[in-house]
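A short write-up of the structure that comes next.
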Amino acid sequence: MQTDPLKEKWLQRLNDAKLRLEFARSFVREVTEDCASGAIVAPDSGLAYRQALSAERAAVDEFARIAEIVKNLLVHNTIPDEDFDQEAKGQLD
């Protein structure tokens, strides 16, 4: 069975987004542990935690956005608008 290159591309993007999300979640846990142990000094701990949460939120949003595109591609056979996708991300490949 021949694989559709477009579907492969989007499934890879989904996998990449999942890895970034897992990394962001791991980083939040690490910052939380560092704050609790005193490894990050008190004045900086709040900022570090907020930044880690912000990065995690961005990763969640990106994963959800790509998951929606993949769902529409696989279930409804809707071809994603790649130009619009790149503008939404704020960058071009």
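All conditions in (1) on the phi > 0 side of the Ramachandran plot; (2) modelled with pLDDT of 95 or more hold for R57, with the sole exception of (1). Within segment 44-63, does at least one residue satisfy the condition of being over 24 Å from T3 (Cβ atoms), in contact with an Asp or Glu (Cβ under 9 Å, 6 or more places away or on another chain) and not in a helix (DSSP H, G or I)? The answer is no, given that none of the residues of segment 44-63 is over 24 Å from T3 (Cβ atoms), in contact with an Asp or Glu (Cβ under 9 Å, 6 or more places away or on another chain) and not in a helix (DSSP H, G or I). Among residues of segment 66-93 that are among the aliphatic types (A, V, I, L, M), those with a Cβ under 6 angstrom from a residue that is modelled with pLDDT under 95 and not in a loop (DSSP other than H, G, I, E, B), sequence gap 6+ or separate chain, pair up as L92/Q86. Candidates in segment 4-50 are the residues that are surrounded by 13 or more Cβ atoms within 10 Å (Cβ to Cβ) and of a type in the set (S, T, N, Q); of these, the one that is modelled with the highest pLDDT is T32.
The values are calculated or read from the model by the stated rules, or taken from the named source; none is laboratory data. On a predicted model such as this, the values are computed, not experimentally measured, just so you know. Every residue, glycine among them, receives a Cβ derived from its backbone with ideal geometry; neighbour counts consider all protein chains shown.
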